[in-house]
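Asks: Structure incoming, see below.
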Amino acid sequence: MQCRQCKFENMPGLDRCFQCGAVLKDEVAVDVHPPRMPGWQAPLRNVGRWVRTRRAGGAGREQAPETEARTDAYMEGAEIVLVAVLSIVPGFGHIVRRQFDRVWWQVLLWMVLAGMAIYAYGSAYGYLMFGLAAGLHARIAVHWPDEEELRGFKRLGVMIAMFIVAAVAYRVVFHAVVDGRLIWARTPIAVEGRNIQAGDMLLARRRFDPQDVRPGNLLVVDLPRLLVGQAHGGPFVQTGVVVQVIGTAGDTVEVHGNSFSLNGSELDIAQYAYPAWLQGREMSTVVPMGRLFISAEYQVRGNVEFDNRIALQACLIDESNVKGIVFMRWLPFSRRGYLAE
Amino acid sequence: MSRFRQLEFDESFEEPKGKDEQRGTPVRDEKYFHDLAVQFWLGGDYELALRNYSRSLEVRATFLEGWSGQVRMLIELGEYAEARKWADKAMDLFPEHPDLLAAKAVAAARDAMWQDAMACSDAAIGKPNAGARVWMSRAEVLSLRNRAVAETCITNALSMAGALKPFIHLESGRLLMRTGNYYAAIEHLNLAVRLLPRSALAWLELGKCQMALGRDEANVTLEQCLRLRPDWDEARIMIGRPQGWLRRLRARIFGR
């Protein structure tokens, strides 16, 4: 009896092939209905498959033979450094080595994190997102399939170094791109009529025409002297303070104990913040050329006595001290929006 | 006839065949069910194909094509663990048969068990009677690692395919499309629909490939698929998919 599988000629009466073990007779008692997968197992198996694929470095490339293309070849130490340097832009090193498909989803996630960090800049969430983005950036930089040289503490060291490099790079890029144009500052004054509360983070633009400054505008200024500084006898400069313009050059400003008047007409207290330290004070002045009369929330600490002359000095600032004009409520998120002119 | 009912005949007498068989209805042997299963597979109905492979084995349990067909249908249905288990069971009857080893290798590769897949594929390819399906499975196992070698395996499979050539073209097209090699896949699928014009599966795969490449004729191809199998939701959904200029542009730039 000839075996169908190996063509071996067997002795009559055998059930299985003497050479290969295949069945020789057609009458075999065997269950021919295959087992089936329960429907609920499908998603679990998909997850397991996904994990196995990722663990293997993606799509079974973990054992790429050395004869494959240059892009899959083993990297030497100097090359790892070069690629890490290229990875200052996340994924750029991989693009150069044509391995971007291995990190594309990480780069995508990094972009999302960076976007969220920018959106939440100034808040704790924003810093958290920046940290996560820098961490992911470091991971992308050392994410290579043939990184046998980068194991254990060496890998950790490179990742930490890349984390620091990424964080510094973000700061430098942010400074170069944004700091010359915008200023973020927390406001100590509240303007109810414009939906601004003390502690809000406001966004100001550096570039503006000084002629556009009007009473009611919020400015970011460097205050040349503070009452508390004067009380201790020395100049004290506080940078990036949010103040409100009450009067510009040539305007007559009067202080009436708890409100301002501008050129004879009383200003709405809801639209023009009145600082606590000016409470009960009565004075009047004509704003000189090149200066602005501002409402600023000075921190008067202790029992400091000062007269109207010092109070006027505190309210009149030079136009050159103005750093930016506020145009947006940045934080909190719930009240983010542009300020009406 | 009732008056002859009580007559006694010797044991060699055979009952006359039923009316259907007398009229030339095909004999329902294992080959009949196997052909039926292949038709269902070409129609994209893997469940019915599996059932018919099982029926072919009910007729003759040692029908190798039935076992390997069952394993392949389990793979088509995404039940890779069962496919491997069933391949092992089939190998009790046909020890280390290359076709079964090849099917097991494919199941392992699709289940992301690369080492098992490679081992089974190595074992299958080393057999003296390794055929076209073995080379196709080799191509599948290698396709994710080294595309050039995989294409050589496909060429080998086609060279020894013989009567299986249409199926190998179809399988090659599907494999190449799965690995993102759409331009090579479309050539095989075009040949497959030419050789298997009544296969809804071939038309669907061609439609998918054309759609991935952003070609305008994809909808016509999918309509042809629906003409052959009107109840196929997959094709219907794909026809309804938007074919905007951005999608086409992306497909033309990135090839998918």
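The values are calculated or read from the model by the stated rules, or taken from the named source; none is laboratory data. Here the structure is a predicted model, which is why all the values come from computation and not from measurement. Note: accessible area is taken over every heavy atom of the protein model, side chains too, but ligands, DNA and RNA are not part of it. Shrake-Rupley method; radii C 1.70, N 1.55, O 1.52, S 1.80 Å.
Asks: What residues qualify as long-range amide H neighbours of A:Met328, i.e. H under 5 Å apart, gap of 5 or more or another chain, H built at 1.01 Å from N?
Replies: So A:Met328 has HN proximity to A:Leu203, A:Leu339.
Asks: Next question, about the same structure. Taking only the alpha-carbon positions of region A:86-126 and ignoring solvent, what does the Debye formula give for the base-10 log of I(q)/I(0) at q = 0.20, 0.24 Å⁻¹?
Replies: -0.62, -0.74
Asks: What are the ³J(HN,Hα) couplings of region A:125-138, residue after residue, when phi is run through the Karplus curve with 6.51, -1.76, 1.60 and θ = phi - 60°? Round to Hz, x for glycine and proline.
Replies: Ordered by residue, 3J(HN,Hα) equals 4, x, 5, 4, 5, 4, x, 5, 4, 5, x, 5, 4, 5 Hz.
Asks: So what does the Cα-only Debye profile of region B:116-234 read at q = 0.14 Å⁻¹, as log10 I(q)/I(0), no solvent term?
Replies: Here the Debye-derived log intensity ratios amount to -0.59.
Asks: What three numbers, in Å, describe the spread of the alpha carbons of region A:1-48 along their principal axes, ordered from the longest?
Replies: 51, 21, 12
Asks: How large is the accessible surface of A:Cys20 in square angstrom, using a 1.4 angstrom probe and rounding to the nearest 10?
Replies: 30
Asks: Taking 24 Å as the cut-off for C-alpha to C-alpha distance, list the pairs among B:Lys127/B:Lys208; B:Lys104/B:Lys165; B:Lys127/B:Lys165 that go past it.
Replies: B:Lys127/B:Lys208
Asks: Could you state how much accessible area is buried at the B-A interface, both sides summed, with a 1.4 Å probe, in Å² to the nearest 100?
Replies: Separately minus together, B and A give about 2800 Å² buried.
Asks: For region B:164-216, list log₁₀ I(q)/I(0) at each q in 0.19, 0.21, 0.22, 0.23 Å⁻¹, using the Debye formula over Cα point scatterers of equal strength and ignoring solvent, two decimals each.
Replies: Per q value, in the given order, log10 I(q)/I(0) is -0.49, -0.60, -0.66, -0.72.
Asks: Over region A:241-282, what lengths in whole Å, largest first, do the semi-axes of the equivalent ellipsoid take, defined as the square roots of 5 times the eigenvalues of the alpha-carbon gyration tensor?
Replies: Working through the eigenvalues yields semi-axes of 15, 13, 10 Å.
Asks: Taking θ = phi - 60°, what integer Hz values does the Karplus form 6.51 cos²θ - 1.76 cosθ + 1.60 yield along region B:30-36, in sequence order, with x for Gly and Pro?
Replies: Residue by residue, region B:30-36 yields 4, 5, 4, 5, 5, 4, 4 Hz.
Asks: I'd like to know how region A:120-208 sits against the 2.2 N^0.38 Å rule of thumb: what's its Cα Rg over that expected value?
Replies: Compared with the compact-globule rule of thumb, region A:120-208 sits at 1.57.
Asks: Sticking with this one: Starting from the Kirkwood Rh over alpha-carbon pairs, what translational D in µm² s⁻¹ does region B:24-73 have by Stokes-Einstein at 37 °C and 0.692 mPa s?
Replies: Rounded to a whole number, D works out at 319 µm²/s.
Asks: Return an integer: the convex hull volume of the alpha-carbon atoms of region B:71-145, in Å³ per residue.
Replies: 73
Asks: Could you derive backbone 3J(HN,Hα) for region B:200-216 from the dihedral phi with the Karplus parameters 6.51, -1.76 and 1.60 (θ = phi - 60°), listing whole Hz in sequence and x where the residue is Gly or Pro?
Replies: Karplus-based 3J(HN,Hα) across region B:200-216 equals 5, 4, 4, 5, 5, 5, 5, x, 4, 5, 4, 5, 5, 8, x, 8, 6 Hz.
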